[in-house]
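Report on one structure; see the data block that follows.
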Amino acid sequence: MARAKKAGRGKILSPGNLMKIPASLGTLRSFWDAVNWKEAEADVQRDLQRKVVITGLANTGKSTLFNKLQGKYRSIVSSIPGTTQSLIPGLFGPFTLIDTPGHLPDLQETGAKDAAVIIMLLDGTQNLRPDDKKLFERLKALNRPMIVAMNKADLVRGNPELKAASFAAQLGVDDVMPISALTGSNISSDLIPTIIDASPEAALTIGRNLPEFRRKAAEKVVRNAALVCLAAGLEPIPLVDIPIIIGAQIRMILRLGAIYGEPASEQHVRELLSAISGSLALRYLAEQAAKAVPIGGDLVSGAIAGAGTWAIGAVALEYYESGRKLTPAQMRETFNRVYQRLRAMQKAGQTPPELQAPKRMKIDDK
């Protein structure tokens, strides 16, 4: 079996097939031309319309959090259960927040089923209630990214983190985040960064509308694309992964442009990729050639694909942050510098921090 597989690889990596690998600007552009640009641009626009849904039982502080995030009062805050009678959409830029009425669980699910991220609030002044558990299970069944937060941490007697940990144990989740929607505690330092980490779609729209979080959101988009390309690069059959990798890289650049307020533009992507096409073509060639190595070649191929994608993302970040004024020489220098640093770490047996999953941020007082 091993011999047959090796022989098969050798046949696939014949000189004729290797000539099809994008090793020159002309062939590289033919791969770009094969991309469905309209579909890629439409993907970005769909991502910008995804919602973050705030949910929880009555009086958990949903409306207070909603208003805190919006920076203005758009929904009714009241201590009377059932004050909010229907879904009230609000704009977090184009990012839609929905205040879901706590007494209408069916309506909550309607708002949550297509969410980029679900935020479920628990009342820190109460014990975990049976209805909290029921709602949690119903939301979990929707298979959407979900963050569980314990609100009113400022009113908890004793240590709020210990109470949040108790809630987490009872729900069977890794973490429940203590926050205070009233005072703003842990919202900008923890909740919003966690939303960004939980969903590339949320990262896109938050980064576009909250400059304070733009860099973190952009890095999330780059990391997600790099990991997709790393996984694609592990495919042992040459050439199969090229369309996946190029498609992911192009969508990454379009998403970064959207974060920095640029319209989805094929021209921008081509301008950026053309500047680094020589270096990029060599990376594609090396990534495909690595697959010929019988043992460990696919791992090398994946590492090259992941590092190359992150390097493209680094170029795109500088390109957009400079107002698209980066020269081709500057773009090539950035690509080569970032790529070589990442590959040096990988060859030394280290996982670059850029390609690691982000760690949970430490809770602080504000």
Task: Some residue of the range 49-69 being at pLDDT below 80, over 22 Å from the mean Cα position of the chain (by Cα), assigned by TED's automatic domain parsing to the domain that holds residue 135 and assigned to a loop (DSSP other than H, G, I, E, B) - done: no
Task: Residues satisfying the stated conditions in the range 134-153, i.e. at pLDDT 95 or above and more than 24 Å from the chain's Cα centre (by Cα) - done: 151, 152, 153
Open item on the list: Any residue at all in the range 189-197 that's over 17 Å from the mean Cα position of the chain (by Cα), in a helix (DSSP H, G or I) and modelled with pLDDT of 90 or more?
Closed with: yes
- [ ] Collect the residues in the range 323-351 that are polar (S, T, N, Q) and modelled with pLDDT of 90 or more, keeping them in residue-number order.
- [x] 327, 330, 334, 336, 340
TODO: Please indicate, with yes or no, whether at least one residue in the range 205-213 is part of a helix (DSSP H, G or I), over 12 Å from the mean Cα position of the chain (by Cα), more than 30 Å from residue 296 (Cα to Cα) and free of Cβ contacts under 8 Å to residues at least 24 places away in the same chain.
DONE: yes
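The values are calculated or read from the model by the stated rules, or taken from the named source; none is laboratory data. Owing to the predicted nature of the structure, the values given are computational and were not obtained by experimental measurement. Note that each Cβ is placed from the backbone with ideal geometry, even for glycine, and that neighbours are counted across all protein chains shown.
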